[in-house]
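Engineer: Shown below is the structure under consideration.
Where a number appears in this text, it was derived from the coordinates with a stated rule and is not lab data. Values in this document were obtained by computation on a predicted structure and should not be read as measured data. Cβ atoms come from the backbone with ideal geometry, glycine included; neighbour counts cover every protein chain shown.
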Amino acid sequence: MPVASVQASEVSGVLDSHGRDAKVLSLDCFDTLIWRNTHQPADVFADIRFEGVSPATRIAAERRSRLRNRMAGLDPEVSIEEIHSQINPDHEKARCAVNEELDAEIRHCFAFRPTVDLIRRAKERKLTVIIVSDTYFDESQLRKLIGCVAGAEVLSMIDRIFCSREYGVPKAAGLFKHVLKALKCRADTVLHVGDNKIADHDAPMQLGIRGLHMRQFDDRLQRQLRLESVASTLLDPEIGHTRPALQPHRAPLSAFWPASGVPSERFGFGVLGPLMHGFCKWLLDEAAQIERDYGKTPRLAFLMRDGHLPELAFRSLPGADRYPVARVEISRFTARAASMRSRQDVVDVLSNFATQKNLHPVGNQLLLTPEETAKIVSRASKAPTPIHAFAEEVLKSKILRQVLDRSQGFADRLTKHFLQQVAPIEGDIVLFVDLGYSGSVQTAIAPVLEERLGIKVLGRYLLSLETPGWHQDRKGFLGPDLFDNRALRFLTSYIAILEQFSTISMGSVIRYTAEGEPIRGDSSSDDVQNAIRSAAQEACLDYIARATQAFHSPPRSLTTECYRQAAAGTLARLLLVPSEEEVSLFARLEHEVNMGTRSKIKLFDKASAERDLKRRGVFYVNRTERQFATAELSSVDLAIPFMLAVQKRFGLDLNGSDFHRKKISLPIMVAGEQGLSTAEINAFPTHEGYFVAAIPIGRRQFTVGVQFGKLFEWIQPEGVETISSADFASAVGQTNAVDVTASVLVEGMEAHTNGLYRCLNESSFMLIPPPETAKLPPAAVERSENFLLTVIFRPLAARPGVQIHAGTAEREERTEVV
């Protein structure tokens, strides 16, 4: 049977497209006329405020009631009273629990405006309007609910209500027969609209009623909303237990989903829109609260570049025009450069570079000239810890005085820029607004501006980490008052993608003219990247303009806290499991470091991810500069980003060795000046059956032979890399690994297609000569560091008679597939 269907956004016009000669408009209730401000209906059960009632007990009680009725040969439909009597046998308690559930529904339900518009058009045409609902509520309870959430006018336009519990059958089992009998009308004069294909399309069509399936969401958007609920629960395990999974953006996404199908527009509308709308609604509330607390209207200073989209979004909100808004160009680099008023301030700036190996950016941050920096670096690089030696040189009186004097001059120019943009007067409250996260710009520059201008600087960020003193002068839309710091750290792990879509196409400020005009670095983003960003930002603003238009009247649960919870789920889903469409959209984007340099980092690389998984295992994500590891991993194996998310979210102390359930003791030969020796090296599993063995080669004086033939008949080598021991142990040093596969020789190993090798006998081996100095990182060579060879391979079949065990190989009379 062909399915007659309509998008929810088009439902107001179905009388013209499907029911020109209809006499009766029949509507399903829930998810057609009355929607919930939650992910799914059962989420409301988490907000029933009565002893003994929880989502688990409420669902189990309904299931038990229906089962008992079936076993007793009674009607399969049950009442809300029967359900609660399973939880509370006491009649009075059950009655109170029923009232509490109805109150919970009233808190979270609302009338979907396009369906209300359809009812109005039906009444204009003199049609009878009825509600036909599969529900455990009776007519009086459903009328109360509709009247409370849709209003008396809408309720007055509904002529009849048919509830399955009162007729003992659901729609799919015969409820429409009772409807036709009660109305005394022909089936072909009725148009029924609802969101369930079986109950609202197939069942009425079997009786000759025109059934119309209303589709709320397409499959892609349905999956997004479902995973947002999953992500919300990951952040806050109480969701679904004591708190419902709120999703105030479900209705506007359904009613106004972009018809263009352009990925950048869909992303901007479906992800950036709900996120920025919630953030700016919260920001508006915060500005009002600050005005009440301080008795002064705060000035909002949006920090460029990432404050670009938040500023546009804020200005678009009703009521935002009563607050002075300015765009201020202060970067981390310029804030720190202007912050050094004392020796301690310089120490504080230096502490941000404690793990820095390249010392030239440190000198740049301290406003030293390239020549001055080069002289200090030449001396400091010879020390065991170069950054400490660099700091010792800088803190000597002559250089320190230069740094302090230059910083004060820099602060003069930055202050002029701030005055031009914000125009504060003494005693004003200025709100720094940005994406967040630790408030480094505010921490550095607020004391300077407060001292010079006599103002108070506070911070309001989309995401704020739990840093020392955060509660004194900053808050986050998603902050420590809502989530523990482990959850917040998880959200910041891959936040660079949000920065890319919040920014503006211009270089980051690196200094100011004497008049306070910002001087920017080069903006190296290309036209394609700019076009993707602009389209997404325009769609984001379109969502904000429509965010409340799908509500006939907003649900009572549509509060600031609702927006915060929902936005957290939206952001966490994006960072955890971006869709295939989103990953394809993001593939062209690169991320600028924004520290007074021109450094850019690739957000993700799917090909490199597959390679790194094989060569290093899943924990390579802790040792890569790429900013959006989940995007590259989600296309490989969705289980991996979920595992990483759980580990990061709860701060679980896990490392690679915890996952090494098996290992291979790999025989090797080592040739050096002292002759030839043999040894065994453990090879650990990485991904998809690959193993990696790390073999020490000192200061590159050893040649290594890997005796694959002793263990295997067939293997698939992935590659050989060399890396210094220090970089191998470093969090990011593995990016310095050098591929030396091209120099490898094989003996007694026969090459086959797809990179497979057959070991012809037990003597077959792979020979790896010492790596050439020219191919290695110069700094590591200069420091005479020890090096490792990492050999990556996949064993396919063991040599006949050899069984591979954890850490050893033993003879056995059979062939073992590894």
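Engineer: Taking a ≥ b ≥ c as the square roots of the Cα gyration tensor eigenvalues, with a/c under 1.5 meaning rounded and otherwise prolate when a/b beats b/c, else oblate, which class fits region 356-425?
Structural biologist: Taking the square roots of the gyration eigenvalues as a ≥ b ≥ c, region 356-425 is prolate.
Engineer: May I ask for the distance between the Cα centers of region 435-464 and region 9-47, given as a whole number of Å?
Structural biologist: Cα centroid of region 435-464 versus Cα centroid of region 9-47: 48 Å apart.
Engineer: So what J values fall out for region 752-762 if you push phi through Karplus, 6.51 cos²θ - 1.76 cosθ + 1.60 with θ = phi - 60°, rounded to Hz, Gly and Pro as x?
Structural biologist: 10, 5, 6, x, 7, 10, 9, 7, 6, 7, 5
Engineer: Also, I was wondering about something else. In this model, which of K296/K456; K375/K398; K614/K662; K144/K184; K171/K197 are farther than 18 Å apart at the alpha-carbon?
Structural biologist: The pairs that break the limit, which is 18 Å between Cα atoms, are K144/K184.
Engineer: Given H placed on each backbone N at 1.01 Å, which residues far from A550 in sequence or on other chains put an amide H within less than 5 Å of it?
Structural biologist: Long-range HN contacts for A550: none found.
Engineer: Using only DSSP helix segments of four residues or longer, with each worth -39500 (n - 2.57), what per-residue ellipticity at 222 nm results for the chain after dividing by its residue count and rounding to 500?
Structural biologist: When only DSSP H runs of four or more count, the value is -12000 deg cm²/dmol.
Engineer: Another question, if that's okay. Counting only other residues whose beta carbon sits under 15 Å from that of C109, what net charge do I get with K and R as +1, D and E as -1?
Structural biologist: Summing Lys/Arg as +1 and Asp/Glu as -1 gives -2.
Engineer: Determine the sum of side-chain charges near G208: Lys and Arg each +1, Asp and Glu each -1, restricted to other residues whose C-beta is under 10 angstrom from that of G208.
Structural biologist: Result for the local shell: +1.
Engineer: So what's the net charge close to A94: Lys and Arg +1, Asp and Glu -1, counting the other residues with Cβ under 13 Å from its Cβ?
Structural biologist: Around A94, the surrounding residues sum to -4.
Engineer: Report Rg/Rh for region 215-363, rounded to two decimals, where Rg is the Cα radius of gyration and Rh the Kirkwood radius.
Structural biologist: That ratio is 1.09, to two decimals.
Engineer: Oh, and also: Tell me whether the chain comes out rounded, prolate or oblate; compute the Cα gyration tensor, take square roots of the eigenvalues as a ≥ b ≥ c, and use a/c under 1.5 as the rounded threshold.
Structural biologist: oblate
Engineer: Still on this structure, I have one more. With +1 on the Cβ of every Lys and Arg and -1 on the Cβ of every Asp and Glu, and nothing else charged, how large is the dipole of the chain about its Cα centre, in debye rounded to the nearest 20?
Structural biologist: So the dipole magnitude of the chain works out to roughly 680 debye.
Engineer: For a test of the definition: using alpha carbon positions, the gyration tensor, and the 1.5 limit on a/c, classify region 35-141 as rounded, prolate or oblate.
Structural biologist: prolate
Engineer: To continue, here is another question. Just how large is the dipole of region 32-143 about the Cα centre, in debye to the nearest 20, putting +1 at every Lys and Arg Cβ and -1 at every Asp and Glu Cβ?
Structural biologist: Computed about the Cα centre, the dipole is about 540 debye.
Engineer: For region 290-338, treating each Cα as an identical point scatterer without solvent, what Debye log10 I(q)/I(0) comes out at q = 0.14, 0.17 1/Å?
Structural biologist: Per q value, in the given order, log10 I(q)/I(0) is -0.44, -0.61.
Engineer: Using the alpha-carbon centroid of each, what span in Å lies between region 92-158 and region 394-426?
Structural biologist: The two parts, judged by their Cα centres, are 63 Å apart.
Engineer: Using only the Cα atoms of region 374-523, each taken as one equal point scatterer with no solvent, compute I(q) by the Debye sum, divide by I(0), and report log10 of the ratio at q = 0.12, 0.19, 0.20 Å⁻¹.
Structural biologist: -0.74, -1.21, -1.21
Engineer: Continuing with this model, one more query. If amide hydrogens are placed 1.01 Å from N in the peptide plane, which non-local residues have theirs closer than 5 Å to the one on E590?
Structural biologist: Under 5 Å from the amide H of E590: no residue qualifies.
Engineer: Kindly provide the pair-distance distribution of region 105-222 built from C-alpha pairs, with 10 Å bins from 0 and whole-percent values in order of increasing distance.
Structural biologist: 13, 43, 38, 6, 0
Engineer: Sticking with this one: To check you understand DSSP bridge types, tell me what percent of the beta bridges within region 1-147 (both residues inside) are antiparallel, rounded to 5. Spell out each step's value before the answer.
Structural biologist: Numbers: 3 of 8 bridges.
So the antiparallel bridges amount to about 40 percent of the total.
Engineer: Among DSSP beta bridges lying fully in the chain, give the percent that are antiparallel, nearest 5.
Structural biologist: If I count the DSSP bridges inside the chain, around 60 percent turn out antiparallel.
Engineer: Here's another thing I want to ask about it. Where a Cα-Cα gap under 19 Å defines reach, which lysines qualify for K93, not counting those fewer than 8 residues away within the same chain?
Structural biologist: Answer for K93, where 19 Å is the Cα cut-off: none of the lysines qualify.
Engineer: Right, something else. Based on alpha-carbon atoms only, what is the radius of gyration of region 1-84 relative to the globular estimate 2.2 N^0.38 Å?
Structural biologist: Output field value: 1.54.
Engineer: If contacts are Cα pairs under 8 angstrom and at least 6 residues apart, what is the relative contact order of the chain in percent?
Structural biologist: Contact order relative to length: 11 percent.
Engineer: Would you compute, for the Cα atoms of region 619-686, the largest minus smallest coordinate along each principal axis and list the three values in descending order, in whole Å?
Structural biologist: Taking max minus min along each principal axis of the Cα atoms, region 619-686 gives 50, 25, 21 Å.
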